[in-house]
Every structure is written in structure tokens, then in C-alpha cells.
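No lab work stands behind these numbers, since they all come straight from the coordinates. These figures come from a predicted structure and were not determined experimentally. Cβ sites come from the backbone with ideal geometry, for glycine too, and all protein chains shown count toward neighbours.
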2 protein chains.
Amino acid sequence: MSLTSSTPEDSARSASLAARSLAVLPVSSRNNALTTIHDALLSAKPTILEANAQDMSLATTASNDGSLSASLVKRLDLTRPGKYEDMLQGILDVRDLPDPIGQVSLRTLLDDGLELERVSCPIGVLLIIFEARPEVIANIAALAIKSGNAAILKGGKESTYSFEAISRVISEALETTEVPNGAIQLVKTRDVIDELLQLDRYIDLVIPRGGNELVRYVKEHTRILVMGHADGLCSVYLHSDADSEIAKKVVVDSKCDYPAACNAAETLLVHESVLGSVLPGVAEVLLQRGVSLLCDGKSKQVLGEKLPSDKAALLQDVGETDYDTEFLDLKIAVKTVPAIGAVNGTAYTTSSDPSLDLAISHINAHSSGHTDSIVTRSKEAAEYFMSAVDSAGVYWNASTRFADGMRYGFGTEVGISTNRIHSRGPVGLEGLTIYKYKIRGSGQVAGEYGAGKRAYKHEKLPL
Amino acid sequence: MSLTSSTPEDSARSASLAARSLAVLPVSSRNNALTTIHDALLSAKPTILEANAQDMSLATTASNDGSLSASLVKRLDLTRPGKYEDMLQGILDVRDLPDPIGQVSLRTLLDDGLELERVSCPIGVLLIIFEARPEVIANIAALAIKSGNAAILKGGKESTYSFEAISRVISEALETTEVPNGAIQLVKTRDVIDELLQLDRYIDLVIPRGGNELVRYVKEHTRILVMGHADGLCSVYLHSDADSEIAKKVVVDSKCDYPAACNAAETLLVHESVLGSVLPGVAEVLLQRGVSLLCDGKSKQVLGEKLPSDKAALLQDVGETDYDTEFLDLKIAVKTVPAIGAVNGTAYTTSSDPSLDLAISHINAHSSGHTDSIVTRSKEAAEYFMSAVDSAGVYWNASTRFADGMRYGFGTEVGISTNRIHSRGPVGLEGLTIYKYKIRGSGQVAGEYGAGKRAYKHEKLPL
């Protein structure tokens, strides 16, 4: 790892060269490097926490001035119980995952003695931009090394001291490993993000780890593919045959389990026929948990009749933009889906249930393509919903909060992608790979094949 | 299919809506639409050829003026033997390929009654920009429909009449199918490319089909992922133990089989130790076939001694930029790889053969990441070369000309990608898909899991 004060272009070029070498290192060498980093960070804990205290002191002052949010200060703090240990464990977890490199996904016998093989390989150079949390450096360095990618890391200025301390430890640790110097580039100079985002010659993928604002800024300023989601506007739809208990569990967890997360629900769609039966029970628990319910006319009216008057008094009117807002807070926008037997103007979907089509259309128009869930007893309705809703995660009778790399069993997560290209949903190590095609021949040439000449066999071979 | 004169934004929005519907159509409906298009284009052949004659007449005039290249006029011509039939057959070939949609690539039991599934689905909306060849409309419409994607097609102005005629036929044919109106948008208004390239809200992937200039222009003017290669600078490397006969076959085919193709070789790297043994035989055939050999000092000297003097007289000096030039012509740049036992300054690769590292470094620095081949008897050298060369295709004892979707057995090819994201190398229908995650539960919520609570099972299920 080099702590560079060179230009962004130098860093990127050097990372690009190092990536070539890293790409051919065996997994044992990559894993050994992770063990070494882990051990070094473990023994350097006091030094790193000292540096972190300097960041914390500056940040606390800034927070008292009001120039920094209290939540950012909290994210900076490496002394919070379990945080340092989690960072260390994360490195070992990544080390112990299966090697994502060298996986063969296709083998074809083109002709006798002429074999085609598709093999996973690293992408090349990743640019990772993150805001405050200093432990992200260690996680990302681990992910990059494990997947054979070089990485350029650019951290937020609030974590400068922690960042430098961690970097120095990782850098010294890597010196003793086979991972090439230069595979992890730490860019400390400020205001270089724009310049880095232009270096598509060297950088293959940008991963912004931070708030929505950062992700959006990055997406708007580069032509390099950005792995990240700009929004997490998730919905739960209670269908006409929704089970009351399941509805209650799924909606409450989707909204309340961690409201600031991108996989928390922001919109609750309710079939008109269950406004008076299923919704009141759901609403009561939500209100109990302190959730503001922003209701449309019909749902407010029915809830007003069904709920005790002290609860009913808490209901609010939904505003025009609420169905497009990621609240990240204890708020949920409620929308009634009309119960109808036939409908005009929804030419593009063709389920047997027009109300379901309306719910799907609303989601496709307003959700951010992150994760959406339907509560229904009908397998047919659920399967149609999951096919027609154009989101990375489409669930049946399950909380939107399951959208997460750990929960999916990927061990770790680079981020959650709402792109429709390369990688979608929770992105594990696999999302940091691409593939190449190898052909092993014995002197064959293309001119030998074709009309009146040799024919290709195109025989699928076992992987 | 709509022949639209609406704004690019209207087209894109409408394609985006139609994509939702197309995504849930069963494969039988998509296949039926392709049969219908095929039959309609078959019976409308006379009308379409008439329109094509109008384009040809304008183009021929322009060509005589010198304002249009003769090769472009040739590409316009739908009356060339077999061309119309190939276009028709191409539609049926695409129809008969396996459905790329709905393929399950991962199934995990998260917990009892809680299953995760990763299923392939369409990307959404493709923007296809192509230059002259009018038959591309039919091919691309077929690929888009088969893969469940909506497509916005923008053709070159030289093929306006043919394009409109083919479009009208496809449009009328689609009216009788289940593929929604709007799934294929034909943009006829001119100078709208820049505007389309800005519509990343609606368009998910851009596929430029045309010359390098078009591809480069598109890449420079959009933040949408572009599937295509800007260059095809391929190399063949003759290692120290290269077989003479294989070297001759592979180099000659790579260069001469179709010099204007992106998978033709432009650079020939030769290990110093075989300059006098293997290279002369190769050079002789190349010169016989009319190839100009642009040689560095050492290779020119040795060839000068070994070749008959009339042949030697044809050797040229390589220029500084020749190793970075895609000649697309009967020219090849020859470079000697020094025979050395140890080398300084190549810190990033670690084979047991420093000369091999030098060859690999040259390729990684100068090739376009398309396809590169090594000729060697050594399995070890070949495997190392294929791991370390960072290109979409890395071959051992085989012609670079195999880099092609048909030859790989993909049936059809959307293009060849030199991206390191999403899809690399020859891109078949699979490259027009992404995936979504489905979860089928029975009321599970994330809050039930974690330390001291339920644990995930993360059990791999059969596909």
C-alpha cells in the first residue's frame, strides 16, 4: 500500500500496473496478505485509537459549532463497543470466503483440440470514495485484495488522522506480503475526486460508500460505471387477500427495524378491500412504534373510523411528493389501491387482477428499483408481482429489510446496486469480478471453418 | 413497433413503459413475434428492395461525388447475393436460441420457508445506434424482443428509405402479436443522438453498431454503459519454443483471414531466439500474401539475412506509433522480445521467464484488451500468458480470429465488448440480461434474526 502524495493520475496509473500483478497471484498469497493486515491492525490498535481521538476531538468541536452532524461524529468513532473488533473480524471473514477468481462458468469444445473456457477474473482498478467511517478502509482493502483488484481509496476529510494511521499500518504490513506495492493507493490530497472521476483510462469501477448525496454527485460526474444506489425507496403492498398477521409483521419490520437504512420501506400500498380489515391492525402497531402515517383520503377515512380516536388523531395527510420521498425516518406514505374489476389505460401489464397491475405500476413509477414486497396468500399474484416489479429485490411475504449481502449469505457486501448493469442488489465479491475467454488450441485457424470446410462442434463440456 | 416522430424523450419514456410489459411476456409470445416479423419481411421483400434501390441511387451519386465511401455504399446494398436471406435466417436463428430470461443462477435456503432465488431478467431499454447496414434493424429488433428488452433504434441517414420500409413492415407485423406497441421505437428525426445519450433515466444500455468513430463518439457523450469496443488491436506472440508450422498458420490467419475485422492481428511479437528460425517462414508467407512487415531493428536485420533478397527488400521500418495502431489493413508491426535471463523494472509480473513478462507487458500496455494469442509448446508459459494478459480473449496456439459470437457457439452476437464491466468479449443474448433477487417467505422479518435470535441457514439449493 502506498501512501501517496503524487497526482491522481500517477496513483491511477500505478494502481493499473499493480492490478496486473495482483491478478496472477494465487489465492493463498492474497489470503496471507489479509491475515498479515489483520494481525498488524490488531497490534496497532492503541496507535490507531489515538489518531482516531484526534479526529473525534476536531469533529466534536465542529459538531458543537453546528458545522458537522452528530450522526457523522458517531460514525467516526472507532472506540464504540465492538467496532474495532468488527473491523478486524471483517478482514478474516473476507479471507475465508471462497476465491471469486478463476471460477469457470462456461466450457465449450469448439472442435477437437480446440477448447473455449470462460473464467472469472478481477475487473482491474476500483476507485472507492467514502465519507466518514474510517474502518471502511480496512474492509475495502480486504475486499479488493481478495478479489484481485487494485483499489484507489479516497476518504472523507473528517477521518484524516484515523485514515492515515490505519493506512500506515496496512502499508507496512503489505510490505512483507506478495501483494504488490501500489495495489492499494491511498489518495490523501484533497479536492481530487473530480480529477479521479475523469480517469476512465485507468479506473474501471467507482464505488461510493457514503450518503445518497455522495452517490448522486459521483454518478453525475463520471462516465465510469458507478456501483451504488442513489435511493432506497422501498414499498410494501398489502394485496386483497393479505394475511393480517403477516401484514403486521412485514410492514412493521420493513419500516421500524432500522428506518435510516436504504432497505427500509417508505411506502405502504393497500388494496381498498382490506383498508378496514388488515390495515387498522398494521396502523395501530406503527403508531405505537412512533411512525407517522401520511395517508391518502380513502385510507385516512377508513382508519379514522376503525382506530380509537386518540390514534386516529395522529393520522396525517399525504403530500404530493411523499410517494417519491425516501424518509429514512419513522414516516410512511400510505396509498389506497382501488378495488376494480377492469381498468383503462394500463395497457402494459396484463395480470388477471387490474388492482394488482395498479399497485405494480405505482411501484415501477415511484420506487427506486431497490426492494419491494407483496403480502398475499395467492401464489399467482405473488409470482406475477415478482416478475412485473422492476426492482433488484422482489419479495413475497417477507420484509424488505432482507435486502442485504450478509442476509443473502454473501458473507460480505460491497454495497447494494440499483443499476441494471453488471451487478444488481446486494453486491458481494462476485460483483468485483468479470471474466475472460481462454482458448486452448493446437494451431487451429478461423479460415479452416465455414461453408464447405470444417464445422464447429460447439459441444458443452462439464465445468 | 412505432414509427415515431415524437421527441427522443417521449420515445424513451414509451420504450421504458413497454419494457415492463415485454418483461413478463412468456417466451412463446416473444418467439411468435419473431416468426411473424420473419414472415412479413419475407413477403415484403420486393417493396423493401425498391426502397433500398432509392438509398442506393442516392448513395451511388454521393459516392461518385466522393462524399461517400464505396465500402459504405456496398454495406447499404440489400440485393447482394444471400444478404436478404441471411437477414431473414438471422431472425429465425435468434428465435430458436434458448430463452435467456428466467434462468435461475442461485438458490439459497435462508431459513425454513424463506428462499432466495436469483433469476435472469431483461435489462430494460436498449439504445441501438447503427450506421449504414439496413438489415441490422431486423437483427437488433429480433435480439431485443427475444431478450425481453425494449429498444430504441437510430439508423444512419444513408439507409433512410430501406430503414423506413423495413420498419413499416416490422411495425405492422408486431400489431398482430402480443409484443407491446412501443417496445421497439424507431427514431427517424435527425441529430437526436446527443439528446438520446442524455436520457439515462430511461435508457439502460447503449449499443453502437458501426465504425470505431461512432463507438468512440458515443462513449464520449454518455454516462450510460456503452457495449462495444473502440479498438481491436490484437497481438500474436511467438515464444522461444514456438512451433514453426503452428506459428505460420496462426499468424497468417490472424492477419490475413479478414484484415478489416477487429479480431485481426496488428502486432507480431517475436522472442529473440526464434527470429532466425521461426520468423522467416512466417514472414515469407505474410509477404507472399501482400502484407507489409513493419519491423524493429533486430527483426529487420535477422530477416534481411534469412530471406531471399527480393523479399528482404520489402521489409519496412516500424514507426513509433505503429504498435498502437489498428491498421485494419495488410500491415503488421513486428517487435522483438529480448531473450534475457533476468530483467529490471518489471516489478509487477513474476513468471519464471522474464522475456515472457516483457511480451505480456508490451501487450498490456499497447493492446486494446480485445484478443491476444501466444504460440508456444509450453503449457506453463501459455497458462501464465492467459492469466496475465488482461484482454477479453487470451489464446494459446489459436488464431485471434476466433473471437466471434458465432464461433464461440453463442448463435448470434450483439457485438464484442472490450469493457471490463457487465459483459466482455463476444456478447450474446446473455449480455442483454441482468438478474433480480426473489424471496419467497411466509411472514419472516429481519428483526427475528441476529445475535441471540434465529440464525440464517444459508443452505445452497439445487438450481
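What number do you get for region A:234-402 when its Cα radius of gyration is normalised by 2.2 N^0.38 Å, N = residues?
Scaled against compact globular proteins, the figure is 0.93.
Explain nothing, just the number: relative contact order of chain B, from Cα pairs under 8 Å at least 6 residues apart, as a whole percent.
Reported relative contact order: 19 percent.
Ranked by Cβ crowding within 10 angstrom, fewest neighbours first, how are A:Thr325, A:Thr267, A:Thr108 ordered?
A:Thr325, A:Thr108, A:Thr267
Which semi-axes, in whole Å and largest first, does the equivalent ellipsoid of the protein assembly as shown have when worked out from the alpha carbon gyration tensor as the square roots of 5 times its eigenvalues?
Semi-axes from the Cα gyration tensor: 49, 38, 22 Å.
Would you please give the residues with an amide H less than 5 Å from that of B:Ala403, counting only those at least 5 places away or on a separate chain, with H modeled from the backbone geometry?
none
In nm to one decimal, list the spacings between the B:Gln198 label point and its equivalents in the other copies, with label points set 7 Å along Cα to Cβ, shortest first.
Inter-copy label distances (nm, one decimal, shortest first): 2.1.
Inter-copy label distances at A:Asp317, 7 Å along the Cα→beta-carbon direction, one decimal in nm, shortest first?
Listed shortest first, these distances are 8.5 nm.
So what's the gap between the Cα centers of region A:6-47 and region A:370-439, to the nearest angstrom?
What the calculation gives is 30 Å, centre to centre.
Put the label 7 Å from Cα along Cα→Cβ for B:Glu459; what are its distances to the other copies, in nanometres, shortest first?
Those label-point separations list as 3.8 nm.
Does a label point 7 Å from the Cα of A:Asp65, set along Cα-to-beta-carbon, have any residues of region A:158-182 with amide nitrogen under 15 Å, and which are they?
So the set is A:158-159.
I'd like the distance separating the alpha-carbon centroids of region B:306-329 and region A:175-195, in whole Å.
Taking the Cα centre of each part, region B:306-329 and region A:175-195 sit 41 Å apart.
How would you order A:392-402, B:81-91, B:198-208 from highest to lowest mean count of nearby Cβ atoms within 10 Å?
A:392-402, B:198-208, B:81-91
Tilt of helix A:136-146 relative to the longest C-alpha principal axis of chain A, in degrees (0 to 90, nearest 10)?
Taking Cα atoms only, the helix is inclined about 60 degrees.
Rounded to the nearest 10 degrees, what's the angle between the helix A:83-96 long axis and the longest principal axis of chain A, both from Cα atoms, 0 to 90?
Approximately 60 degrees, to the nearest ten.
Let me know the mean shielding of B:17-26 by other chains, meaning the per-residue number of their Cβ atoms within 10 Å of its Cβ.
Mean inter-chain Cβ contacts per residue within 10 Å come to 5.
Can you give me the three principal axis dimensions of chain B from its C-alpha atoms, in Å, biggest first?
Principal-axis extents of chain B (Cα, largest first): 78, 74, 35 Å.
Closest approach to the B-A rotation axis by any Cβ of B: residue and distance in angstrom?
Result for the B and A rotation: B:His422, 2.
Please report, in Å, the Rg and the Dmax of region A:2-220, where both are computed over Cα atoms only.
Cα only, region A:2-220: 18.6, 74 Å (Rg, Dmax).
Would you compute, from DSSP H runs of 4+ residues alone, the mean residue ellipticity of the protein assembly as shown at 222 nm, taking -39500 (n - 2.57) per run and dividing by the full residue count, rounded to the nearest 500?
-11500 deg cm²/dmol
I'd like the FRET efficiency for A:Gln89 and B:Asp99, computed as 1/(1 + (r/R0)^6) with the beta carbon distance as r and R0 of 51 Å, rounded to 0.05.
For R0 = 51 Å, the calculated efficiency reads 0.75.
Is any residue of region A:324-339 close enough, with backbone N under 19 Å, to a label point placed 7 angstrom from the Cα of A:Ala261 along the Cα-Cβ axis, and if so, which?
Label zone hits: A:326-333.
HN-Hα J couplings of region A:322-328 from phi, Karplus 6.51/-1.76/1.60, θ = phi - 60°, integer Hz, Gly and Pro as x?
Once θ is set to phi - 60°, the couplings for region A:322-328 become 5, 6, 10, 10, 8, 5, 6 Hz.
How much FRET efficiency would the formula 1/(1 + (r/R0)^6) give for B:Leu109 and B:Gln198, where r is the Cβ-Cβ distance and R0 is 41 Å, rounded to 0.05?
Approximately 0.40, to the nearest 0.05.
Which order do A:Arg20, B:Arg107 fall in if you start with the one that has the fewest other Cβ atoms within 10 Å?
B:Arg107, A:Arg20
Working from Cα positions, state the angle (0 to 90°, nearest 10) between the long axis of helix A:279-288 and the longest principal axis of chain A.
70
Once you put a point 7 Å from the Cα of A:Ala339 and another 7 Å from the Cα of A:Lys298, both along the Cβ direction, what distance in nm separates them?
1.0
Let me confirm one metric for peptide A:416-428, namely the mean number of other chain beta-carbon atoms within 10 Å of its residues' beta-carbons.
4
Apply the Karplus curve 6.51 cos²θ - 1.76 cosθ + 1.60, θ = phi - 60°, to the phi angles in region B:51-58 and return the couplings in whole Hz, x for Gly and Pro.
Values, residue by residue: 4, 4, 4, 5, 4, 5, 5, 4 Hz.
Taking R0 as 56 Å, what's the FRET efficiency between B:Ser309 and A:Lys188 from their Cβ-Cβ distance, rounded to 0.05?
Here the calculated transfer efficiency is 0.35.
What net charge do the residues around A:Ile340 carry, taking every other residue with its C-beta under 11 Å from that of A:Ile340, with Lys and Arg at +1 and Asp and Glu at -1?
Local net charge: -3.
Taking the Cα-to-Cβ direction at A:Gln288 and at A:Glu448 and moving 7 Å from each Cα, how far apart do the two end points lie in nm?
Taking the two extended label points, one gets 7.6 nm.
Less than 14 Å Cβ to Cβ from A:Glu175, Lys/Arg counted +1 and Asp/Glu -1: what total charge do the surrounding residues give?
-2
Could you list the residues of region A:260-277 with an amide nitrogen less than 20 Å from a label point located 7 Å from the Cα of A:Leu330 in the Cα-to-C-beta direction?
A:260-268
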